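**Student:** This is the structure I have questions about; it appears just below.
The values are calculated or read from the model by the stated rules, or taken from the named source; none is laboratory data. Just so we're clear, the structure is a prediction, and the values are computed from it rather than from any experiment. A quick note on method: Cβ atoms are made from the backbone with ideal geometry, for glycine too, and the neighbour counts reach across all protein chains shown.
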């Protein structure tokens, strides 16, 4: 069956009081408003946030056919530093785009200029997955591989995108926020405004809209919406295809798919704000795994175990590990751990330390343990 274009109006849909979608909206709105009085220290939280940014970027690239594993990305990106590997650059670009969104979303509207800047970041220095006109709408017609939907003629892209931005920024009741996020994701993919990079851009648009709607990532929450889509790529494309028909049932099914997955991801990742959970289920097992793999020494393991149990510790807290050693000797031990990026000083107190795990020695083990606790897509190779 050849792909065809079918116009349908962009509008909000009403799921009805008895719909499971209504329950999802209520539950997600509760999560949005929920006070996140987490016990995880900000230094540790932001390390976790950076890891999930990386996982989000890898997942988005994987949907588009990039087969780079987490292990390969860590090895080439962190161990090697600069790289010309296009698969690695594609993921790195997505990380930079997420950072751009975090830094700018509170001050700028979601409009053509904002989305164009995101697109320019994600396609920079790429050939196969790059763009002939970065940040500009496509100047030709295109087809979506494997889809029965034919995107609108390139001459209509600007009109459809203006309509989408008006839809996103319209001052509707807040109860429609999450529906608008799901519908906007589909509409952007339906328009396919750029010559390449549409999938990566629309998933970042979803991330930006969630932050704009109050799922704040600056002070205590981690969002990983791409996990909804990369957990089952075929299910993602099938749900998009159902919505391509423009029928109310297809749009509602798409919204339910997005919001159900989002609820699971938010509830799961919010667990990491509970330091008792994080330390017992992620950090301590990861340090033990790193020792088992001989990535760290027994002495390093013991210091890190104290760092985890105390969350913030001082030189005196490790005194019992090194009987007979004076303060200056313990300071040298801690200095070496800082140089190896296993601990970090607290922002305003150089005598207080926390564990650091965004490094070569611990990161692989942290991610492997996250996988064992269902924080990674199924069958992901670490």
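**Student:** So, in segment 5-28, exactly how many residues are at pLDDT below 90 and within 28 Å of residue 269 (Cα to Cα)?
**Tutor:** Matching residues across segment 5-28 total 0.
**Student:** Next question, about the same structure. I'd like to know if segment 238-261 contains one or more residues that are crowded, with 21+ Cβ neighbours inside 10 Å and touching a strand residue (DSSP E or B) at 6+ places or on another chain (Cβ under 6 Å).
**Tutor:** yes
**Student:** Of the residues in segment 1-21, how many are assigned to a loop (DSSP other than H, G, I, E, B) and within 30 Å of residue 150 (Cα to Cα)?
**Tutor:** So the answer is 14.
**Student:** Of the residues 103, 86, which single one is out of contact with any helix residue (DSSP H, G or I) (no Cβ under 9 Å at 6 or more places or on another chain), surrounded by 13 or more Cβ atoms within 10 Å (Cβ to Cβ) and closer than 23 Å to residue 59 by Cα?
**Tutor:** Unique residue meeting the criteria: 86.
**Student:** For segment 224-236, which residues satisfy the criterion of being touching a residue at least 40 places away in the same chain (Cβ under 8 Å), within 12 Å of residue 258 (Cα to Cα) and either touching a strand residue (DSSP E or B) at 6+ places or on another chain (Cβ under 8 Å) or assigned to a helix (DSSP H, G or I) (or both)?
**Tutor:** Matches in segment 224-236: 226, 227, 229, 230, 236.
**Student:** Can you tell me which of 24, 48 is touching a helix residue (DSSP H, G or I) at 6+ places or on another chain (Cβ under 6 Å), assigned to a helix (DSSP H, G or I) and more than 30 Å from residue 366 (Cα to Cα)?
**Tutor:** 24
**Student:** For segment 138-164, name all the residues that are without any contact (Cβ under 8 Å) to a residue 60 or more places away in the chain and either surrounded by fewer than 18 Cβ atoms within 10 Å (Cβ to Cβ) or not assigned by TED's automatic domain parsing to the domain that holds residue 114 (or both).
**Tutor:** Across segment 138-164, the qualifying residues are 139, 140, 141, 142, 145, 154, 155, 156, 158, 159, 162.
**Student:** Check whether at least one residue in segment 165-177 is over 26 Å from residue 54 (Cα atoms), surrounded by fewer than 23 Cβ atoms within 10 Å (Cβ to Cβ) and touching a strand residue (DSSP E or B) at 6+ places or on another chain (Cβ under 9 Å), and report yes or no.
**Tutor:** Looking for residues that are over 26 Å from residue 54 (Cα atoms), surrounded by fewer than 23 Cβ atoms within 10 Å (Cβ to Cβ) and touching a strand residue (DSSP E or B) at 6+ places or on another chain (Cβ under 9 Å), one finds none in segment 165-177, hence no.
**Student:** Looking only at segment 339-371, filter to residues that are part of a helix (DSSP H, G or I) and in contact (Cβ under 8 Å) with a residue 12 or more places away in the chain; which one of those is surrounded by the fewest Cβ atoms within 10 Å (Cβ to Cβ)?
**Tutor:** So the residue we want is 368.
**Student:** Only one of (1) touching a residue at least 12 places away in the same chain (Cβ under 8 Å); (2) in contact with a helix residue (DSSP H, G or I) (Cβ under 8 Å, 6 or more places away or on another chain); (3) surrounded by 13 or more Cβ atoms within 10 Å (Cβ to Cβ); (4) not in a helix (DSSP H, G or I) fails for residue 108. Which number is that?
**Tutor:** Looking at each condition in turn, residue 108 falls short on (1).
**Student:** Out of all the residues in segment 122-135, which are free of Cβ contacts under 8 Å to residues at least 60 places away in the same chain and buried (at least 16 other Cβ atoms within 10 Å of the Cβ)?
**Tutor:** Matches in segment 122-135: 124, 126, 134, 135.
**Student:** Where in segment 239-335 are there helices (runs of 4 or more DSSP H), lying wholly inside it, with at least 1 residues that are under 30 Å from residue 26 (Cα atoms), more than 21 Å from the chain's Cα centre (by Cα) and in contact (Cβ under 8 Å) with a residue 60 or more places away in the chain?
**Tutor:** 248-270, 275-278
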